[in-house]
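**Q** Below is the structure I would like to discuss, written out as structure tokens.
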Amino acid sequence: MLRLSETSQPIEAHSPTASFAEYLVSTGTIFRDALQRAQHVSESSGERLETVLTRLGIITEVQRTEAIAHFLGLAIVSTKDYPQTPILEETFSAAFLQEAQFVPLEVRDDGVAVAFANPLDTYTVSAVAFAVNKPVICYVAYPSDIEAAKKRLYRSYTVQDDGVADAARHQAVLGFADDVDRLKDLSSDAPVIKLVNGLIDKAVEARASDIHIEPMQNELRVRYRIDGVLQNVASPPHQLASAVISRVKIMTKLNIAERRLPQDGRISLAVRGREIDIRVSTTPASHGESIVLRILDREQVKLDFAALGFDPETIAQLRSLLTDPHGILLVTGPTGSGKTTTLYAALTELNNVEKKILTIEDPIEYHLGGITQVQVKPTIGLTFAGALRSFLRQDPDIMMVGEIRDLETAQVAVQAALTGHLILSTLHTNDAASALTRLIDMGVEDYLLTSTINGVIAQRLVRTLCPACREAYRPVAGLWERLGITPAPTAPLLYRAKGCPACNQTGFRGRTAIIEILPISDGVREALLKSANASAIQEIAVQQGMETIRAAGIKKALAGVTTVEEVLRATRAG
């Protein structure tokens, strides 16, 4: 039996949208000039004012939902209040389910309890009341929760629509557009715009980090990378490939006539009321241009060590390294292991009015207030090494180099550290010890490294188990020995992924970092000067108390944060 607040009311108690707009201003949720701008867009586009406010990024969907609930005196539905089986499934058409944002919750003696994303939309509320032929008891719900519930409950609801049908019909009328002018016209039509916007909206809702749009011989494949793993999603028809790709290129101000060379672009959008940065990369392929959209959601990224998964002991060790006034701190790991995010978290900790901080990056992923960030531009000679040299004339305290790729950059970084600056940077190596030998292989003198390197962090990202459905089990005999662990007399439990609606049946939700920190001790310095290899350096560090990246991962598996399989997958090259 559904148990919700008795403050929810029938539709007759609702107030007009104009009063809600004034309510937002009076409570300080939005400013008057922002409201006037949204009202102008609403009048010209025909969209509801509440929708425009979130589309323009003036308020988030969460703020809008909570404001509507307070304004109308209605309860907000939580995820546990949604039914396990569909209610009145045969009553609503697929088209109405697609268009309207609502989910029936329960049939009662006094009416039907319904969750609406926007109960101010009296047309939708009235339409639902007419369809069920009963009084409607309104509740307010977050739009993303309604979308998830509709996908889970209703067979007739699919997320593929989002303009696909209209765009496909439009394409069929025009034929296959291949010249630039027709592509420009087609990609500027409302159905194609709706389709591309829908792909981005769904990706943000699914917490995807990337969208891959790949023309194949007989299909246009679209995949989202969620928690580091690519997943297929409903794809547009193959004949829309040129229109979709051209639309993305127009959005990011790329040259739609150039299909022979790779291109890169960037755009900022308000998606569901949140400010989203999107980096776009195109590359020519045999069946058309392949496009990857990297989604940089500022709200999803917490530049805080604890939020990234660092345990208290690791945070204390890292903060100790960051207090050194000069030297080099390196973060290593493969592409996509969260190195830049860790550096951003470090810069956030160091950032204050007393310090001048400069960064040179390729590309700038997130803009940090109070820090001067510079984008690499090799075509005009602005390289990592060149920018770093110029930084030295800017009276900096701390400098971040996006990546040490060559000897020149490494040498400038070492010289900057020797002259009293703190340098943060990244390298692509499998473990912390290998970073030291990599620099020596580049040509950096070993005695300079022993004088400048403060420490090296190696990290990986592993998927975290969904807390709603993770499953405990006792491991098979011999597993602890294979992992190099001596279990307690009562062998601890491990956890594995199961799958539920909250995690889209994957068993995982989100990712966390596993870390090893190699401080440069006297023993490590001595080994470097004797030309020791990475294995020997790591062995010395472990003897002196360093926790390896795999050991850190196993510790999180024992705590039920992730699985042993995830740890082994992430560290197999480590």
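The values are calculated or read from the model by the stated rules, or taken from the named source; none is laboratory data. On a predicted model such as this, the values are computed, not experimentally measured, just so you know. With ideal geometry, Cβ positions are generated from the backbone for all residues, glycine too; neighbour counts draw on all protein chains shown. Accessible surface areas use protein heavy atoms only, side chains included; no ligands, DNA or RNA. Shrake-Rupley method; radii C 1.70, N 1.55, O 1.52, S 1.80 Å.
**Q** Out of curiosity, is ALA270 open to solvent by 10 Å² or more (accessible area, probe 1.4 Å), modelled with pLDDT under 90 and in a helix (DSSP H, G or I)?
**A** no
**Q** Looking only at region 52-62, decide whether some residue is farther than 24 Å from ASP33 by Cβ and either open to solvent by less than 60 Å² (accessible area, probe 1.4 Å) or touching a His at 6+ places or on another chain (Cβ under 6 Å) (or both).
**A** Checking region 52-62: not a single residue is farther than 24 Å from ASP33 by Cβ and either open to solvent by less than 60 Å² (accessible area, probe 1.4 Å) or touching a His at 6+ places or on another chain (Cβ under 6 Å) (or both).
**Q** In region 451-461, how many are open to solvent by 40 Å² or more (accessible area, probe 1.4 Å) and polar (S, T, N, Q)?
**A** Of the residues in that region, 1 qualify.
**Q** Residue by residue through region 192-216, note down the ones that are more than 18 Å from the chain's Cα centre (by Cα), open to solvent by 30 Å² or more (accessible area, probe 1.4 Å) and closer than 14 Å to SER235 by Cβ.
**A** The one that is more than 18 Å from the chain's Cα centre (by Cα), open to solvent by 30 Å² or more (accessible area, probe 1.4 Å) and closer than 14 Å to SER235 by Cβ: MET216.
**Q** From the set of residues in region 421-436 that are closer than 21 Å to THR383 by Cα and part of a loop (DSSP other than H, G, I, E, B), which is least open to solvent (accessible area, probe 1.4 Å)?
**A** The selected residue is HIS421.
**Q** Before we move on, is ALA270 in contact with a Leu (Cβ under 7 Å, 6 or more places away or on another chain) and within 30 Å of THR342 (Cβ to Cβ)?
**A** Answer is yes for this residue.
**Q** Answer with yes or no whether LEU392 is open to solvent by less than 50 Å² (accessible area, probe 1.4 Å) and not polar (S, T, N, Q).
**A** Against the criterion (open to solvent by less than 50 Å² (accessible area, probe 1.4 Å) and not polar (S, T, N, Q)), LEU392 does not qualify.
**Q** Continuing with the same structure: Starting from residues that are part of a loop (DSSP other than H, G, I, E, B) and within 26 Å of the chain's Cα centre (by Cα), keep the ones in region 30-64 and report whichever is nearest to GLU205 (Cα to Cα).
**A** THR60
**Q** Still on this structure, please answer the following. Looking at LEU448, LEU418, LEU407, LEU439, can you tell me which residue is surrounded by 22 or more Cβ atoms within 10 Å (Cβ to Cβ) and either over 23 Å from ASN352 (Cβ atoms) or modelled with pLDDT of 90 or more (or both)?
**A** On inspection, the qualifying residue turns out to be LEU439.
**Q** A further question follows. For region 378-389, which residues satisfy the criterion of being assigned to a helix (DSSP H, G or I) and open to solvent by 40 Å² or more (accessible area, probe 1.4 Å)?
**A** Answer for region 378-389, where residues must be assigned to a helix (DSSP H, G or I) and open to solvent by 40 Å² or more (accessible area, probe 1.4 Å): PRO378, THR379, ILE380, ARG389.
**Q** Across region 326-363, what is the number of residues that are more than 18 Å from LEU388 (Cβ to Cβ) and either open to solvent by 70 Å² or more (accessible area, probe 1.4 Å) or more than 26 Å from the chain's Cα centre (by Cα) (or both)?
**A** 5
**Q** Now a separate question. Return the residue satisfying two criteria in turn: it lies in region 71-107 and is in contact with a strand residue (DSSP E or B) (Cβ under 7 Å, 6 or more places away or on another chain) and not in a loop (DSSP other than H, G, I, E, B), and of such residues it is farthest from TYR154 (Cα to Cα).
**A** The selected residue is ILE76.
**Q** Of all residues in region 90-106, which are at pLDDT below 85 and among the charged types (D, E, K, R)?
**A** GLU90, GLU99 - these are the residues of region 90-106 that are at pLDDT below 85 and among the charged types (D, E, K, R).
**Q** If the Cβ limit is 6 Å and pairs must be 6+ apart or interchain, which residue in region 486-499 that is more than 14 Å from THR562 (Cβ to Cβ) pairs with which residue that is modelled with pLDDT under 85 and surrounded by 15 or more Cβ atoms within 10 Å (Cβ to Cβ)?
**A** Every condition considered, the pairs that remain are PRO487/TRP480.
**Q** Being closer than 18 Å to ARG405 by Cβ and either hydrophobic (A, V, I, L, M, F, W, C) or modelled with pLDDT of 95 or more (or both) narrows it down to one of VAL353, VAL331, so name that one.
**A** VAL331
**Q** In region 315-325, which residues are in contact with a Phe, Trp or Tyr (Cβ under 7 Å, 6 or more places away or on another chain) and open to solvent by 10 Å² or more (accessible area, probe 1.4 Å)?
**A** ILE315
**Q** What number of residues within region 244-289 satisfy the criterion of being over 30 Å from VAL52 (Cα atoms) and of a type outside the set (A, V, I, L, M, F, W, C)?
**A** Residues in region 244-289 being over 30 Å from VAL52 (Cα atoms) and of a type outside the set (A, V, I, L, M, F, W, C): 12 in total.
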